[in-house]
Structures are given as structure tokens and as C-alpha cells.
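Notes follow once the structure below has been shown.
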Amino acid sequence: MKNTLCALLVAIPMLAQEPFPINDQVGLRILPRIYPKGNGMTNAHLSMKKDGPVHRVLRDSSGILFAYDIEVKLVEGQYHIVTEPVNPAYARTLRTEPVPTLRSVSDSVAGIGDSVIIELLSNTATGQRIVDDIKLVDITPAGTAPDGMLHIEYADLYANGSKLPHGSITGGATGPQFVMYLEGSGGFFFSLMQPKEYPQFQKVGVVEGSTLKFVWENRSYELRCTAPILSTGGGAEVWLFHDPNFRPKTAGAGAVQWGAESAMKMWLGKEEEEH
Amino acid sequence: MDLRDLLVKWEAPEASSALDERVYAAFKRSARSRSNFWIPFAAAAAGGVVVAGLWMRRPVEIEMDSAVVSSPAGVTAETELNVTGFVPITNGKIVVVRKAEN
């Protein structure tokens, strides 16, 4: 089995995915792989709660195929990647009964660059399997130069001076693009660069320190964060789009959801492939 | 003595060994040609079975779309597959591949 999985690592081209930062030096990267053949996935870069699990979900058009939790712990100088059955409270939000998950908890000691590979799904008709390649990666910042990212942390969204219902983000995300969904208000989509694949974006936003201000359909919005939005602490213009009727199609339900560029691609679709 | 009586008394001469060999060789040639006749058909049928088996087990192209989405419930790393037919492995193997082996 080990040889098979090692061969898998060599046989399938690496598909980039940005890590979730665990702390300032170490990130967690999850890479689904198909053996013996497969392709395609999008990138992601997102901050995660340092003390909480990552919920891992695989689904198809019919529903949830598999879900489990991943937690990284630092014990006596060693990183432990713990995979465990999906949290029951979270599983209830997936609207699938029962949610297929792991039978037991597994604790794997892993260093930076090591991979923990876990089998998740199989197709007996084709012999294909889908595994997750979970890796700890070094994300030590290279310096203080502008990184071209929006750093949204613990933000509140105000419209015409009033905080929107469900208008708080209790975590963060980092990426050149940022999206958020608020129940009752729809979807808000931000990008530092013009996203040419999505013509509905307009350059009507501006970052000033820890606040992102914009006007959409005669309403003035402010996304107030607890830390500077740009790595330089300065300002920049922002492209954005707001759809008050938007509903995310991601599996995890919630009145408030947010993410970076991978979430934008999944929520808005891959229109760039048609051009 | 008429012809009928002569035929009753007549005995066929012993066949020579050369005749035996000729007849036996002719039989073998005939049998071999009959058996060779089926070889291409059998080979084609076997090949067809193999091709059909391989076709049925061919890997299907799978596209995955992944996103990381946060909510107050935590961080979700989600992957959407474009095909069906996969079943969960609830006791799947877990292997640690060290950096040096990657």
C-alpha cells in the first residue's frame, strides 16, 4: 500500500493549493488526488483558527460523499496531524444523513514537508481511488514587501452607518480576492485586480488602513477590520461586485460564510474557461 | 462358379505400411487445417474480451473544484467532484510519506 501511494505521488502532477496558515511559520495544505488518473482543482489560501479543526468535505451532485475533520497540534516540539470523524454538530449542517466519515481517530506525527495520505473514496467499477494528501508546509514570510493580498480579519460590514444583520466575520481570509455571504444581504465579492473573467465587477472600492469602503447602488458600505487590510498598511482601489440575491452553493451551511479566491471561483463559477 | 461365389471366397490383400503412412499423414494434415481454421476466430474473441474488460475498467476523467470557506462553525475545505460512482472508505489506510521520500 505504501509503495502504491508513493507511486501515486510521483505519477500525478502536482496541483498547487495554497496552505491554510496554522501559525506564522507553518501552513496546512490539503491536496485531493485521484489514482490512477485525474485532474483539476482550484487554489485556496485561507487563515484558519489556530485552535480549531478544519472540516474536510467531498461531495458530488447527489450530496456529501465523505467528511472528516483535520486538526494540527504542536506537542513537545512535534506536529501531530490528527484526522477524526466529522464533528456531529457540523455534520448536521451538511443536510445529509448519515454523513460518511472516518471510523476512528488517527494521530500522525509529521514534520515540515511530510505528507499524511489518507484514503477516502473508491470506485470499484473503474478501480480509481481518491485520497487526501495533507502536508505541513513552511510559510515563513519572505519579508515586508507588498504581497498583493487582501487580509480580512474579524471584520464587520456596515451599510449607511448601520451594521448589517449577520454582518460579522469571526475569523479571517487572505488572498487577492475575498468573498463573503451574509444571510439576508447576499454575496459581496472583492478583488485587488480587475477579474476579467467576471465583467460584473466595478472599481468602486477603496482600502484605507483597516477599512474597505465602497458604494453599491446608492448605499455606502464599510468593511471594518481589526487589522490593516493590506500588508503595507496603506491604501488601494478595489474591484467589487454585490449580488443581494446570491446564495452560496458550498455544502457548509451558515448565515455567514467567507473565503478567498477559491471560494469566489466556486461561488461565481469558472467563467474564465469560456473565454 | 459364378461371380457371387468368387466374391465370397475373395480376401482383400493386406494394406502395405506405406499406404498406412500416407493415409495417416493425410489425416493429420486435414485435422491440422481444421484446427488452424478456428485459431484466428478464437484469438479475436479473446482479444475482444480483454478489450471489453479494459474498457469497462478504464479510469474516468474526474474534475474537482475545491474551495476553502469559513463560517462561525469553522473552516471547511470542500471539494466538488463532477462524477458519481465513488463510495466511502471509512477505514482507509493512512500513510505518512516523509519529505525525503516525496
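The values are calculated or read from the model by the stated rules, or taken from the named source; none is laboratory data. Computed from a prediction, not measured in an experiment: that's the story for all the values here. Counting neighbours? That spans all protein chains shown, and the Cβs are built from the backbone with ideal geometry, glycine included. For accessibility, only protein heavy atoms count, side chains too; no ligands or nucleic acids. Shrake-Rupley method; radii C 1.70, N 1.55, O 1.52, S 1.80 Å.
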Can you say whether B:ILE62 is open to solvent by 60 Å² or more (accessible area, probe 1.4 Å) and either among the aliphatic types (A, V, I, L, M) or at pLDDT 80 or above (or both), as far as the supplied structure shows? no
Residues being open to solvent by 20 Å² or more (accessible area, probe 1.4 Å) and more than 7 Å from chain B (Cβ to nearest Cβ): count how many of those fall in region A:73-98. 18
Restricting region A:133-150 to residues that are open to solvent by less than 50 Å² (accessible area, probe 1.4 Å) and within 22 Å of A:ALA110 (Cβ to Cβ), the residue that is modelled with the lowest pLDDT: A:ILE139
Consider B:ARG98 carefully, then state whether it is more than 7 Å from every other protein chain (Cβ to nearest Cβ) and basic (Lys, Arg). no
Taking region A:28-66 on its own, how many of its residues are at pLDDT 80 or above and open to solvent by less than 40 Å² (accessible area, probe 1.4 Å)? 18
Please work out if A:PHE190 is surrounded by 20 or more Cβ atoms within 10 Å (Cβ to Cβ) and over 20 Å from B:ALA77 (Cβ atoms). yes
Under 8 Å between Cβ atoms, which residue pairs at least 6 apart in sequence (or on different chains) link something in region A:213-239 that is aliphatic (A, V, I, L, M) with a partner that is assigned to a loop (DSSP other than H, G, I, E, B) and open to solvent by less than 60 Å² (accessible area, probe 1.4 Å)? A:LEU223/A:ALA155; A:ALA227/A:SER210; A:ILE229/A:GLY209; A:ILE229/A:SER210; A:LEU230/A:MET149; A:ALA236/A:LEU192; A:ALA236/A:LEU230; A:VAL238/A:LEU192
Would you confirm whether or not region B:48-71 contains a residue that is without any contact (Cβ under 8 Å) to a residue 60 or more places away in the chain, over 30 Å from A:ALA173 (Cβ atoms), within 11 Å of chain A (Cβ to nearest Cβ) and basic (Lys, Arg)? yes
Those residues of region A:249-259 which are at the interface with chain B (Cβ under 7 Å from one of its Cβ atoms) and modelled with pLDDT of 80 or more, in sequence order: A:VAL256, A:GLN257, A:TRP258, A:GLY259
Residues of region A:213-253 classified as farther than 20 Å from A:TYR181 by Cα and touching a Leu at 6+ places or on another chain (Cβ under 7 Å), total: 1
